[in-house]
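A short worksheet on the structure shown next.
The values are calculated or read from the model by the stated rules, or taken from the named source; none is laboratory data. A quick note: this is a predicted structure, and the numbers were derived from the prediction, not measured. Cβ coordinates were reconstructed from backbone atoms using ideal geometry, including for glycine residues, and neighbour counts include every protein chain displayed.
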């Protein structure tokens, strides 16, 4: 690991995206959807049209029953893409009362089966990890849940999946809430504790910048925390207004904290893809992805100009004004 | 209006609901929906099975093209119900970039046409008001909107609808956000200013308890504000965690503030229906509505036992402990 | 007023500050204060050492009984400063249960007397307005307040002060909360409604950027709202984390929204001072003020490079990506 | 540990309080304080006048240099009280840039010395634990802190204190923020991870109900998490509006979640004191403490009537409506 003051030469970032970024969006009001349906191959094609994207996080099962894993893999390859992650749908209608924590053991079993199938596909596709986003595991109301039971089921379920194949990395993407008013895997710290309790070596975290902002974490701090425990498996990016997972274009609201986050990625020498997780309800998805990549590249170049020695000195003295001045001069130019 | 200290005898509340409470829910994750489709007549039937519900807020256009206004009205009547409000769909796919504030004049025109058609139906159905919930009017990003233009279009659009039929009351349901990250009609005060600027006499407010909590208003205070300006046209109820419009069962989280809200409804002598606006994603809608009505009736009975003279004295002295003691004794019993 | 697309040539901003920025800070934990005491003349001297500051908002009564108004005015003049506002202390120990809304009529009278005395001083000092920040008017608990009474007292009290001298402008600085958990003059819209109810012509608003962020307003939007009603009397600046009035250095957290705010100030052709309202608990106040001014000047210069015609086109189309790109290119440079 | 469904007979709670509850309050506005000064012996006397309080959390050093530890202990004993915790002042003027994480090694040393002295006093007083509330350890601005260094210093500092006396329990009271905009020991999970990293056996957590609400945790869930790791050393209670540490009377805002929290205390068979941590700025402190105790006793009695078997069944089925009905019937009476 590079030392704090010299995070080394810039590593040209490679980008990824969730395949859903290029799909059809719906919400509870525009139940007729924000646009026409998009099938899996179209979504891949759209993703491939974004310069810089080299990898996709692919949901399974995909809706088209006739498409084999080999077909999807071929489509990716044909477009110069690869799957960096496979994410099972465990938050759709069958799972609305929970996946790993569903009150019905049959659904819990179905969850585990689907996750195992996702592992197989991840192997077949050559993905870096199988991602779990158990968005329906949690609760909505006070007094609804027995929190110890919830804890036991969530941890036990992921452990079972992880133990079924120690050769595959399992990455949990935590989020504070939505669709549940309270998600079980809610914050970086809470998820690290849960992973600790699992007692397995192949479970880590997908760190979503927006989820961290939304959970009112300090993203750079939470990132180093996850990294320091050896649990950083993936990184996703977007922005929001800090009260909801708005999945906006990167750097659109929290520019300074996003810059600080990118610096932290340099410090930990992150070499994985920078994956976009956006829901451009009212924008063209391809243009929205391009915008985020353009922003990220520009921010990355800006960081090349940051005087790290001065920043280190300011931080060691906790001199907030000196640190800010460095950042403001980068973004606003010198004021003299 | 009764004086503050003696809000008069209890008025047995009559309940209403949005027809959507009994419909199919979808969100961006469970895009295959939280349950099977429900058609308009089924939804009416479900609503009618809830003891206490006498009126529905009915969305138009309903999906079934073969159903005439007369058909829907008959279905309501057959079930002992009436329409207290008609609410046009101005937040579906055609309107995702706005209804009254859509950048395209054609869509703005379509919005106004649909609202006018809703007024006709409201007359035909004998509804108390035509409700506007312009959920897509607003913006998502910094620098996206020209706020003055937004203001002009939103106010101008509603004014045009209102002026088209001074004999129908038009009620705006404000909400802080969702689906936009920022809605134009966001708070009670902001909406009252906008109504003032419209310069018409037939525009008021549907006060949604959850929206008020969500906007971090003090609901009782915001209610009296709207009432004091003569603009209270309708009341809807639910609960949430104050960061999102969760549309939970009434009194499930903010019991004390809900009780205070019901007291304020007595003070202003509200005689309209208490309409439920819930999204019971994971509960049976009929049971969820019954639960809220059971809670509301019990809260209403609890208020009968509140010593209003003592509360008045406590409030005049700003004696928070004395006021709390009255409330805690109601809910927890005497501690001696 | 300049048109939207051409806000005209840049107006070199002149800066002001609250005199408290240069005073001693205390909070409930460091009750022994964050630094040594600072007297009024020292605070003026400190302020004067900040290049760019030309005006101060001066609290009255100042602690030094021997200092006459003439003395303070002379001290300001000697340092090349003037008083742009006079702000009475109506939130200290005598007023902890309220100033205009205190349950005791004697304290309400004391409030009004002090405000009137502040008007006299404002005349003597040649201040632009007398500022009211009734931070103790509000409530802390559910059921504590009779909201109508609160409304009546707050509005009646300010009206009485305003009517006592139609020749002086009275500016209310709204804030969402603190020290009360709920302040009466909480948001721009709520305060505009209250001013409307007062029925006087000489009451307006001091718009504090941080208070607007804190109230979860969109500052640029709230600013134009206040301006459109002719009620913008003063502007203060700082930043915070949007959950509390942290009074941080300008542009330290919400850089993009601060930039948007400065653009709106150009659009409305604001010619008053840009006053700093910071509480640099752990920084040197003089350096903290210099930092904010440096940032503001640099942001102002950045705005000179903004292509307003392109922004207008983007906003008219609600094209969030195009608008963002303009801003990101200003701050991050071109990405090509 | 009792089983989930039968938390056993009610344990009559014994109450404690922070000595500061009975002291003088100040904030940044009422810098002349909310009331007259209160010395240590007066505060003890006030506390003793509250029926139910048996123990105090005592800050050191107390301001009166002539008062020995023996004097304070005697004063407690004379009033039928004991010290359950000793809390060093490590957040006053000397520590405003940090205690364990202060940039200056000399202040870090002073912090550790003071904490060690607090341990000695805790032994002498027979306290259950020495409490650390490092309210100034954290940061205010983006880019101000090197998070890894902060982590190292905070963890290393507490470890050093803990290792100095394995015979004394050291309890960290986490809080999300204030006076810093970001505190290092921010949440239950984050603090558990830090304790884990310390690698010592005598560091645990004081769980403050208000801090948990404020950190947007689910208090019952966070409580069981801390308990499950054997780290629950103390419990403090109050309420707030969930955006700030308002330190209000217990159960005044979040009645339902407070009830759920008390049930969880039964489940884990908590036998320690229920300590009040209130800042009754505008109320009489003795009356404010009495009010919270009255409320807590009444809530405790209410829980005796809760049908735990039915609650268990509802929770196992995640039946939110059934669970709520049980709670609403307790608080509102039967609705039939």
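Give me the residue from the range B:222-244 that is facing another protein chain (nearest Cβ under 10 Å) and surrounded by 24 or more Cβ atoms within 10 Å (Cβ to Cβ) and, out of that set, farthest from the chain's Cα centre (by Cα).
My answer is B:225.
Does residue A:204 meet the test of being modelled with pLDDT of 95 or more, under 29 Å from residue D:195 (Cα atoms) and in a strand (DSSP E or B)? Step through it out loud before you land on a result.
Details: modelled with pLDDT of 95 or more: yes; under 29 Å from residue D:195 (Cα atoms): yes; in a strand (DSSP E or B): yes.
It is true that residue A:204 is modelled with pLDDT of 95 or more, under 29 Å from residue D:195 (Cα atoms) and in a strand (DSSP E or B).
Looking only at the range D:18-41, decide whether some residue is in a strand (DSSP E or B) and under 20 Å from the mean Cα position of the chain (by Cα).
The answer is yes, given that some residue of the range D:18-41 is in a strand (DSSP E or B) and under 20 Å from the mean Cα position of the chain (by Cα).
Return the only residue of D:283, D:257, D:287 being facing chain B (nearest Cβ under 9 Å) and touching a residue at least 40 places away in the same chain (Cβ under 8 Å).
None of the other options fit; the residue is D:257.
More than 8 Å from every other protein chain (Cβ to nearest Cβ), assigned to a helix (DSSP H, G or I), without any contact (Cβ under 8 Å) to a residue 40 or more places away in the chain and buried (at least 21 other Cβ atoms within 10 Å of the Cβ): is that true of residue A:323 in this structure?
Values: more than 8 Å from every other protein chain (Cβ to nearest Cβ): no; assigned to a helix (DSSP H, G or I): yes; without any contact (Cβ under 8 Å) to a residue 40 or more places away in the chain: yes; buried (at least 21 other Cβ atoms within 10 Å of the Cβ): yes.
For residue A:323, the condition - more than 8 Å from every other protein chain (Cβ to nearest Cβ), assigned to a helix (DSSP H, G or I), without any contact (Cβ under 8 Å) to a residue 40 or more places away in the chain and buried (at least 21 other Cβ atoms within 10 Å of the Cβ) - is not met.
Condition test on residue D:195, is it outside any loop (DSSP other than H, G, I, E, B) and touching a helix residue (DSSP H, G or I) at 6+ places or on another chain (Cβ under 7 Å)?
No, not satisfied.
Given the criterion closer than 18 Å to residue D:50 by Cα, more than 10 Å from every other protein chain (Cβ to nearest Cβ) and either touching a residue at least 60 places away in the same chain (Cβ under 8 Å) or assigned to a loop (DSSP other than H, G, I, E, B) (or both), identify the matching residue among D:309, D:275.
One residue alone meets the criteria, D:275.
Here is a check on your reading of the model: is residue A:336 modelled with pLDDT under 95 and in contact with a helix residue (DSSP H, G or I) (Cβ under 9 Å, 6 or more places away or on another chain)?
Yes; evaluated as a whole, the condition is true for this residue.
With respect to residue B:213, determine if the residue is assigned to a helix (DSSP H, G or I), touching a helix residue (DSSP H, G or I) at 6+ places or on another chain (Cβ under 8 Å) and surrounded by fewer than 22 Cβ atoms within 10 Å (Cβ to Cβ).
When the stated conditions are applied, residue B:213 does not pass them.
What is the number of the single condition among (1) surrounded by 23 or more Cβ atoms within 10 Å (Cβ to Cβ); (2) part of a strand (DSSP E or B); (3) touching a helix residue (DSSP H, G or I) at 6+ places or on another chain (Cβ under 8 Å) that residue D:59 does not meet?
Exception for residue D:59: condition (1).
Being in contact (Cβ under 8 Å) with a residue 12 or more places away in the chain and facing another protein chain (nearest Cβ under 8 Å) is the filter; apply it to the range B:290-300 and report the residue that is surrounded by the fewest Cβ atoms within 10 Å (Cβ to Cβ).
Here is the first cut: in the range B:290-300, the ones in contact (Cβ under 8 Å) with a residue 12 or more places away in the chain are B:290-293, B:295-297, B:299-300.
This time we only want the ones that are facing another protein chain (nearest Cβ under 8 Å), so: B:291, B:295, B:297, B:299.
Working: B:291: 27, B:295: 25, B:297: 18, B:299: 25.
Per the criteria, the residue is B:297.
Here's a check for you: in the range B:162-186, which residue that is part of a loop (DSSP other than H, G, I, E, B) and in contact with a helix residue (DSSP H, G or I) (Cβ under 6 Å, 6 or more places away or on another chain) is farthest from residue B:205 (Cα to Cα)? Give the steps one after another, and end with the answer.
Within the range B:162-186, the subset part of a loop (DSSP other than H, G, I, E, B) is B:165-169, B:174-181, B:184-186.
From what's left, in contact with a helix residue (DSSP H, G or I) (Cβ under 6 Å, 6 or more places away or on another chain): B:165, B:168, B:174-176, B:184-185.
Numbers: B:165: 17, B:168: 13, B:174: 8, B:175: 11, B:176: 14, B:184: 14, B:185: 10 Å.
Ranking the qualifying residues of the range B:162-186, first place goes to B:165.
Run residue A:308 past the list (1) under 25 Å from residue A:173 (Cα atoms); (2) out of contact with any helix residue (DSSP H, G or I) (no Cβ under 8 Å at 6 or more places or on another chain) and report the number of the one that doesn't hold.
(1)
Residues checked against (1) more than 26 Å from residue A:185 (Cα to Cα); (2) touching a strand residue (DSSP E or B) at 6+ places or on another chain (Cβ under 7 Å); (3) without any contact (Cβ under 8 Å) to a residue 60 or more places away in the chain:
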| position | (1), (2), (3) |
| --- | --- |
| D:168 | yes, yes, yes |
| D:181 | no, no, yes |
| D:184 | no, yes, no |
| D:195 | no, yes, yes |
| D:199 | no, no, yes |
| D:203 | no, yes, yes |
| D:208 | no, yes, no |
| D:242 | no, no, yes |
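Every residue, every condition in (1) more than 29 Å from residue D:258 (Cα to Cα); (2) without any contact (Cβ under 8 Å) to a residue 60 or more places away in the chain; (3) over 23 Å from the mean Cα position of the chain (by Cα); (4) within 14 Å of another protein chain (Cβ to nearest Cβ), yes or no:
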| site | (1), (2), (3), (4) |
| --- | --- |
| A:107 | yes, yes, yes, yes |
| A:112 | yes, yes, no, no |
| A:119 | yes, yes, no, no |
| A:122 | yes, yes, no, no |
| A:126 | yes, yes, no, no |
| A:143 | no, yes, yes, yes |
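So residue C:253 clears everything in (1) within 19 Å of residue A:331 (Cβ to Cβ); (2) under 16 Å from the mean Cα position of the chain (by Cα); (3) outside any helix (DSSP H, G or I) except one condition, right? Which one?
Only one criterion in (1) within 19 Å of residue A:331 (Cβ to Cβ); (2) under 16 Å from the mean Cα position of the chain (by Cα); (3) outside any helix (DSSP H, G or I) is unmet by residue C:253, namely (2).
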